[in-house]
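I have placed the structure first, in the form of structure tokens, so that the comments after it can refer back to it.
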Amino acid sequence: MLVLPSYSPLPFMKHFFALLLISAAALPAAHAQQTLTGATAYAAPAPAAGGGSAVTTTKAVRRLSHGESKAQLRLAEETLKTSPRNAEALLGRAEAHVGLKNYKEALADYSTLIKMQPTNPELYFGRALAQLRDDQLARAVADFTKALRLNPGHAPSLMYRGMAKMQLLNYKGAVPDFAKVIQLEPNNAEAYEYRGICYSHSYQEKLALPDLEKAAALNPEAEKTLKRYRTHK
């Protein structure tokens, strides 16, 4: 049985991986190839009436550093002084709070945004990520599910919901999420690797090996997981 691989967009999960080392026989590869979410440098937007245009959280950009988060927070708060319902500024502040690990404040901003734009799946996804970082796993799963009801093909929500289920040791429940990601993104090595590990934890070794082999074929880093699996199975 394998331990979960560390997935670099989620460094906050490392403590959970460490706990699994106690009972796992092998360490998987640490890697990531898929850009899911990250905050971008924030520029103060023009004030928007009401909720403004729909905001987006899944930007294909690098995550903010601590310093960038502090700078973005200052800019967002300046905008919110004169336009307290500016959606872009609220989102910028929420992302900055996540970068600074101020999860309570981030969740409050995301909840405000959701009230303003209740059918925007990106906001449920953003709040779910903040909950996941804050170890509120059940709530994160619930918000990823809400995002998926609004956008069933949202691969990042599927991927992270599967990862949250793995943290909850619900390996069988995580398998369909990774399977859907693979359906949407056939070359997603991480989805194959995670599903293979879920199969291994569920003692479905005949299903685990093909997934780990496919992951290794798509991403050389996953070869480390495959080798350890073959050594310790």
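Straightening the chain between Lys81 and Arg149 buys 21.1 nm, computed as 0.36 nm per residue apart minus the Cα-Cα spacing. Once the Cβ-Cβ distance of Ala217 and Lys70 is raised to the sixth power relative to R0 = 45 Å, the FRET efficiency obtained is 0.60.
No lab work stands behind these numbers, since they all come straight from the coordinates. The structure displayed is predicted, hence computed values, not measured ones. Heads up, the Cβs are rebuilt from the backbone with ideal geometry, glycines too, and the neighbour counts pull from every protein chain shown.
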